[in-house]
Amino acid sequence: MTPFSSLAVVLGLASLVSGHGYLKSITVGGKNYLAWQVGQDNYVSPPPVRYARQLADNGPVPDFTTKDITCGAGGNMPAQGVIELKAGDKVTLNWDQWGSSHSGPVFTYLAKCANNDCKTFKGDTGNVWVKIDQLSYNPQAQPPWASDLVREQGAKWSVTIPPKLAPGEYLLRHEILGLHVAERRLGAQFYPSCTQIRVTQGGTTQLPAGIALPGAYKPEDPGLLAALWRINQGQVQYVAPGGPVWSEAAPNANRPGP
């Protein structure tokens, strides 16, 4: 291999890694709550209070058909903290960074913690995940892809807690899906995180049955086995995985769909 080609490989790998990211903090009502700090919190004793579950690194889930897809490849260990908020509150999810090469949709789901106790709930079995937020691809928008909008918004994404949601403890599962290498089977790159919240004031509406994670994301799903360049050129229409957004969800807080 020539020195030039070696340099190109190194720069290419660096570009892929720099495109990675993780949820760094959550802002509600002007107060900032730290998520698991990748590469730092592993070395702190005793473990600091965090409000989102541990992540192994800033990379994608290695295999989205496994339980790593539920809350990321960090073991799905309950966090010590729970964020208190009200139904209808806006939550801002702050990433450490997000590059432009990992184009794809952005989703947010809710799951009701069994017995109103997120510290004993994993959400990795049953149809417990209800989609409350989705933005994917709109060729008339700038930028067209939702994940690139994350970049344009300073690595931030906002979601509104459904206004009529009943009080209780929930996992708020937020993720970016990168489609840049999704042309090959299992190439879709998911970056999920799970934040523990407690709705203290709300309505009476309970979450309906949702989807199972793992289970709902299939390797052959056309929203996951997709050539990004074909979508960008208008050759195929993109349909996001995970089903529709819940009818009781609030309007998208970032921009109108799809």
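The values are calculated or read from the model by the stated rules, or taken from the named source; none is laboratory data. What you see is a predicted model; the values in this text were computed from it and never measured. Methodologically, a virtual Cβ is constructed for each residue, glycine included, from the backbone with ideal geometry; neighbour enumeration extends over all protein chains shown.
Listed by first and then second residue, the pairs linking a residue in region 150-166 that is closer than 21 Å to L85 by Cβ to a residue that is in a helix (DSSP H, G or I), with Cβ atoms under 6 Å apart and 6 or more places separating them unless they lie on different chains, are W157/V150. Within region 184-195, the set of residues being in contact with a Phe, Trp or Tyr (Cβ under 8 Å, 6 or more places away or on another chain) and either at pLDDT below 95 or surrounded by fewer than 24 Cβ atoms within 10 Å (Cβ to Cβ) (or both) comprises L186, F190. On the stretch given as region 143-178, residues that are closer than 22 Å to G88 by Cα and over 14 Å from the mean Cα position of the chain (by Cα) total 12.
Each row is one residue, and each column tells you yes or no for (1) aromatic (F, W, Y); (2) over 23 Å from T66 (Cβ atoms).
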{"site": "L135", "(1), (2)": "no, yes"}
{"site": "Q140", "(1), (2)": "no, yes"}
{"site": "L149", "(1), (2)": "no, yes"}
{"site": "G168", "(1), (2)": "no, yes"}
{"site": "L171", "(1), (2)": "no, no"}
{"site": "I176", "(1), (2)": "no, no"}
{"site": "Y191", "(1), (2)": "yes, no"}
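Taken together, the residues in region 130-164 that are surrounded by fewer than 22 Cβ atoms within 10 Å (Cβ to Cβ) and assigned to a helix (DSSP H, G or I) amount to 4.
Given the criterion part of a strand (DSSP E or B) and not small (G, A, S), identify the matching residue among R230, R198, R185.
Testing whether each residue is part of a strand (DSSP E or B) and not small (G, A, S) leaves just R198.
Does region 100-112 hold any residues that are in contact with a Lys or Arg (Cβ under 7 Å, 6 or more places away or on another chain) and not in a strand (DSSP E or B), and which are they? S100 - this is the single residue of region 100-112 that is in contact with a Lys or Arg (Cβ under 7 Å, 6 or more places away or on another chain) and not in a strand (DSSP E or B).
Looking at N58, N32, N127, N76, just one residue is part of a loop (DSSP other than H, G, I, E, B) and surrounded by fewer than 17 Cβ atoms within 10 Å (Cβ to Cβ), and that residue is N127. Across region 170-199, the number of residues qualifying as in contact with a Lys or Arg (Cβ under 6 Å, 6 or more places away or on another chain) and over 20 Å from A146 (Cβ atoms) comes to 1.
Quick one: is D68 crowded, with 16+ Cβ neighbours inside 10 Å, modelled with pLDDT of 95 or more and over 18 Å from the mean Cα position of the chain (by Cα)? So D68 fails the test. Using beta carbons and a limit of 9 Å, which pairs, at least six apart or on different chains, have the first residue in region 243-258 and without any contact (Cβ under 8 Å) to a residue 12 or more places away in the chain and the second one exposed (fewer than 13 other Cβ atoms within 10 Å of the Cβ)? Once the first residue is without any contact (Cβ under 8 Å) to a residue 12 or more places away in the chain and sits in region 243-258, its partners that are exposed (fewer than 13 other Cβ atoms within 10 Å of the Cβ) give S247/P208. For region 233-240, the condition holds for at least one residue, the condition being that it is in contact (Cβ under 8 Å) with a residue 12 or more places away in the chain, assigned to a loop (DSSP other than H, G, I, E, B) and either crowded, with 20+ Cβ neighbours inside 10 Å or charged (D, E, K, R) (or both).
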